[in-house]
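The values are calculated or read from the model by the stated rules, or taken from the named source; none is laboratory data. The structure presented is a predicted model; accordingly, all values stated were derived computationally and were not measured. No Cβ is skipped: glycine too gets one built from the backbone with ideal geometry, and neighbour counts run over all protein chains shown.
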Amino acid sequence: MLTVKNLSKKFKKSDVYAVKDVSFELTKGEIVGLLGKNGAGKTTIMKLIAKSLIPTEGEIVINDRDILKGNNMLKDVNLMIESAFFNHLSAYENIKFYLTINDMDYSEKEIKNVLMLVDLWEEKDHNPSQFSFGMKQRLGLAMCLSSAPKLVVMDEPFVGLDPNGVTALIEKLREWVVDRELTVLISSHQLSELEMICDRYIYIDNGLLVKEFDKSLTSVTVIKINDEIDPSVIQKFEHTEMNHKEITTSLENEHFNDLIKVLSEETSITDINKKDHLKDLFKKGEEV
Ligand SMILES: Nc1ncnc2c1ncn2[C@@H]1O[C@H](COP(=O)(O)OP(=O)(O)OP(=O)(O)O)[C@@H](O)[C@H]1O
């Protein structure tokens with residue numbers, strides 16, 4: 001669906017690359033989290049995909065077409081970054097007008113559906129100027145999804161949403177996205193929210209892609225052992241890695257028990273601890 005190849009961006013008057021030689025792929029229907037500290041390069045990558053910035057080097061291919069080599073390449077893509085509204089129009093009219101000026105087909109039912117999704121149907125006749133920051137975020141999300149994009153790029157969509165509301169919204173959003181087989185790239189510093197929706201993650205640091213990892217690796221158990229053991233003992237277990245006397249695994253239930261049994265036969269276990277990889281990344285600023 002989306003291929004990013006050796007993408008780099010250096011802003012004018014800047015000596016350093018905001019994004020440097022980044023390559024990754026998103027397959028149809030995947031929901032991928034773009035992670036990184038402030039200034040890592042996430043928004044720049046998203047704006048490059050949305051063609052609101054032009055890369056210094058590299059290629060972006062959406063559905064086998066290079067987005068830089070042609071017009072109207074982004075009709076199946078929508079972006080939720082810094083949404084802007086027409087304050088003299090109601091929430092409902094805003095979406096309708098947005099779809100009209102972008103020459104997109106729509107049905108009144110679909111507009112209702114997106115407003116229901118973000119819990120703004122009751123407020124459909126109010127102007128966004130009367131909305132709180134969180135409500136504007138919700139309207140931005142509704143607007144982004146209203147054009148029925150195949151690829152959705154969302155920068156910090158959950159900022160300003162209250163903790164209870166955000167959980168319900170993410171559950172509904174995931175269902176919406178999965179039902180329609182949308183491909184989603186989403187950045188957020190709200191890691192627990194991101195974990196509720198993403199299948200996979202891409203970690204950016206200083207403009208470089210440091211690591212890509214699957215959801216299964218985000219909640220792991222770290223097992224400490226007394227003596228280093230032969231790596232072949234570990235190799236037969238999926239999603240399990242050994243680093244000296246520390247074994248990290250995302251195995252659960254009987255598979256986890258099998259691992260413990262095998263380890264106990266080789267050496268003694270000194271500690272077992274559940275660890276949250278996503279939070280760890282930010283705390284330590286380390287590689288996954
Ligand atoms: N228009 C610009 N001109 C010059 N430098 C820029 C511009 N936009 C971004 N940068 C720089 O590019 C780097 C990456 O910025 P970017 O906004 O992509 O980071 P980010 O990962 O989205 O950060 P945050 O989590 O804070 O939103 C930063 O060093 C930033 O200062």
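Summary table
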item: Residue in the range 195-221 that is nearest to the ligand (Cβ to nearest atom), counting only those that are more than 20 Å from Thr248 (Cβ to Cβ) and among the hydrophobic types (A, V, I, L, M, F, W, C); result: Ile204
item: Strands (runs of 3 or more DSSP E) contained in the range 1-101 and holding at least 2 residues within 30 Å of Asp125 (Cβ to Cβ); result: 77-80
item: Restricting the range 38-67 to residues that are touching a strand residue (DSSP E or B) at 6+ places or on another chain (Cβ under 7 Å) and exposed (fewer than 15 other Cβ atoms within 10 Å of the Cβ), the residue that is modelled with the lowest pLDDT; result: Asp66
item: The lone exception for Thr221 - which of (1) surrounded by 16 or more Cβ atoms within 10 Å (Cβ to Cβ); (2) more than 26 Å from Gly33 (Cα to Cα); (3) among the hydroxyl-bearing types (Ser, Thr, Tyr) it fails; result: (2)
item: Tabulated pairs, the range 42-55, first outside the structural domain of Lys69 (by TED's automatic domain parsing), second surrounded by 22 or more Cβ atoms within 10 Å (Cβ to Cβ) and not in a helix (DSSP H, G or I), C-beta under 7 angstrom, 6+ apart or interchain; result: none
item: Residue count for the range 256-288, restricted to those that are more than 11 Å from Val220 (Cβ to Cβ) and modelled with pLDDT under 90; result: 8
item: Filter pass, Lys274 being touching a strand residue (DSSP E or B) at 6+ places or on another chain (Cβ under 7 Å) and loosely packed, with under 12 Cβ neighbours inside 10 Å; result: yes
item: Qualifying positions in the range 8-32 - small (Gly, Ala, Ser), modelled with pLDDT of 95 or more and within 15 Å of the ligand (Cβ to nearest atom); result: Ser8, Ala18
